[in-house]
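**Q** Before anything else, here's the structure in question.
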Amino acid sequence: DMGGHDTYMHKEISEQADAVDRVLRGRIDDRFSTVHLGGLNLDAREARGVRRIKILGCGTSYHAGLIGAGLIESLARIPADAEPASEFRYRNPVVDPDTLYIAVSQSGETYDVLAAVQELKRKGARVLGVVNVVGSAIAREADGGVYVHAGPEVCVVSTKCFTNTVVAFALLALHLGRIRDLSVSDGKRIIEGLRKLPEQIAEILRTEDRIKEVAEAYAGAQSMMFIGRVRGYPVALEASLKLKEISYIHAEAYPASELKHGPLALIEPALPTVAIVPDDDLLEKNRAALEEIKARSGRILAVAHREQEKADHTLVVPKNEPELDPILMGIPLQLLAYHTALAMGRDIDKPRNLAKSVTVE
Ligand code: F6R
């Protein structure tokens, strides 16, 4: 049942304010400015002993894991990174007893992720899951974890589950942070930010007509570049994946700072750039990248907290706490991919060559 929407993708994008509300519900503890995660199965002493966190997932879940790693580093000050689960499996990784491993999966059935979890467990590692489907194989195999509560996701490409997974990581990062070095006031600041998300998501969704207009302006492109810096880079990766999956426009994502190390050679009027430009401490650096692109006559679509003078178009999103801004910046880009694909007449819910759940190697 699409509930009045033309596609499941549109329905699922539109459900995100409620979905985020669900992942937060019952977990916030205002008294101690922290969150409770019932199924985590990691006590305070164990949490303090974690020296490193390694996050494993595929596709969109891997991108959510990259943002999650950033959240964990900034809020809990634990070195963290994310890697595609299949790469991890095939490179015979060093499994370290002080590292906490986290497997991320919407379906909980992706073979590469499941196999990585099984290999880690066989070697004695502690593995948590950040999973959407309750009781799925990865959820069962993990030692504990956080359910994402996005609800059923039918469209082959992931949208609401991506957003909820990132919020679940914010909860985990806050929880670990408050056990370690995150102050009460920073805990409060993040909690207030989390509580604002559903209304801010609804606000972004109300700008859909404008996003559609912008998407139609770029729908003829052969190829598109996506750039972001630090927290913005995984947002660029995910937006570029979404666009290629459903529109079949070739797209690549680069860290903004890498442009001058090669990809700047591609910039010309026919190759538009989507730039993630939050109003944070990197704003001036990001503006400099926009200038480099403009100097080569590249068209620019900025996703920002206010109009960007160097950009041809800006999609303005509401501001939250800097750590949580990537969550909001991803949402207009889901709609951008959607309306681009729609303008090109694509079969959005069933992109060619893709399956919802990849249970083979
Ligand atoms: C992209 C997409 C895929 C999945 C990937 C992992 O829109 O849906 O990239 O994210 O196949 O699937 P899960 O999260 O079920 O492990």
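**Q** When the accessible area of segment 257-322 is split by element with a 1.4 Å probe, what percent falls to carbon and sulfur?
**A** Percent of accessible area from carbon and sulfur atoms in segment 257-322: 48.
**Q** Can you pull the semi-axes for segment 203-361, root of five times each eigenvalue of the Cα gyration tensor, sorted largest first, whole Å?
**A** Largest first, segment 203-361 gives 23, 18, 16 Å.
**Q** For Ser357, tell me the accessible area in Å² from a 1.4 Å probe, rounded to the nearest 10.
**A** 40
**Q** In a Gaussian network model over the chain where Cα atoms closer than 10 Å are linked, find which of Ala19, Ala69, Ala343 has the largest mean-square fluctuation.
**A** Ala343
**Q** Now for a separate question. With a probe of 1.4 Å, find how much accessible area segment 228-361 has per residue, and write the answer as a whole number in Å².
**A** On a per-residue basis, segment 228-361 sits at 42 Å².
**Q** Ignoring everything but the protein chains, give the 1.4 Å probe accessible area of Val154 in square angstrom, nearest 10.
**A** 80
**Q** Now a separate question. Among the complete DSSP H segments of the chain, which ones combine at least 27 Å of alpha-carbon extent along their axis with a mean Kyte-Doolittle hydropathy of 0.0 or more?
**A** In the chain, the long hydrophobic H runs are 160-179, 325-343.
**Q** Once each part is reduced to its C-alpha centroid, what is the distance from segment 25-43 to segment 219-263 in angstrom?
**A** So the two Cα centres are separated by 35 Å.
**Q** Next question. Write down the Å³ per residue value for the convex hull defined by the alpha carbon atoms of segment 1-140.
**A** With only Cα atoms used, segment 1-140 gives 134 Å³ per residue.
**Q** So for segment 16-84, considering every pair of alpha-carbon atoms, how many percent are separated by more than 16 Å?
**A** 63
**Q** How would segment 306-361 be classified by its alpha-carbon gyration tensor: rounded, prolate or oblate, with rounded meaning a/c under 1.5 and the a/b versus b/c comparison settling the rest?
**A** Since a/c reaches 1.5 but b/c is at least a/b, the shape of segment 306-361 is classed as oblate.
**Q** Please work out the average accessible area per residue across segment 75-138, using the 1.4 Å probe convention, and give it in Å².
**A** 40
**Q** Looking at this model, which pairs from Lys196/Lys260; Lys54/Lys212; Lys212/Lys310; Lys160/Lys260; Lys160/Lys188; Lys242/Lys319 are more than 30 angstrom apart at the alpha-carbon?
**A** Long pairs (Cα-Cα over 30 Å): Lys196/Lys260; Lys54/Lys212; Lys160/Lys260.
**Q** Hey, another quick one. Kindly provide the Kirkwood hydrodynamic radius of the chain in Å, to one decimal, from all pairs of distinct alpha carbon atoms.
**A** 20.5
**Q** Sum up the charges of everything whose Cβ sits under 13 Å from the Cβ of Ala251, counting Lys and Arg as +1 and Asp and Glu as -1, but leave Ala251 out.
**A** -1
**Q** Considering only protein heavy atoms and a 1.4 Å probe, what is the carbon-and-sulfur percentage of the accessible area of segment 111-256?
**A** 51
**Q** While we're looking at this one, here's another question. With a ≥ b ≥ c the root eigenvalues of the C-alpha gyration tensor of segment 102-238, is it rounded (a/c under 1.5), prolate (a/b larger than b/c) or oblate?
**A** The shape class here is oblate.
**Q** Kindly provide the helix-only [θ] at 222 nm of the chain, computed as the sum of -39,500 (n - 2.57) over DSSP H runs of four or more divided by all residues, to the nearest 500 deg cm²/dmol?
**A** For the chain, the value works out to -14500 deg cm²/dmol.
**Q** Using the Cα atoms of segment 158-219 to build a convex hull, what is its mean projected area in square nanometres?
**A** Convex hull of Cα atoms, orientation-averaged projection: 5.6 nm².
**Q** Just how large is the dipole of segment 242-361 about the Cα centre, in debye to the nearest 20, putting +1 at every Lys and Arg Cβ and -1 at every Asp and Glu Cβ?
**A** In total the dipole reaches around 500 debye.
**Q** Not counting ligands, DNA or RNA, and with a 1.4 Å probe, what is Ser183's accessible surface area in Å² rounded to the nearest 10?
**A** So the heavy atoms of Ser183 present about 50 Å² to solvent.
**Q** Sort Lys356, Lys260 from largest to smallest accessible area, using a 1.4 Å probe on the heavy atoms of the protein chains.
**A** Lys260, Lys356
The values are calculated or read from the model by the stated rules, or taken from the named source; none is laboratory data. Just so it is clear, the model here is predicted, and its values are computed rather than measured. Glycine also receives a Cβ, built like all others from the backbone with ideal geometry; neighbour counts cover every protein chain displayed. Heavy atoms of the whole protein, side chains included, go into the accessibility calculation; ligands, DNA and RNA do not. Shrake-Rupley method; radii C 1.70, N 1.55, O 1.52, S 1.80 Å.
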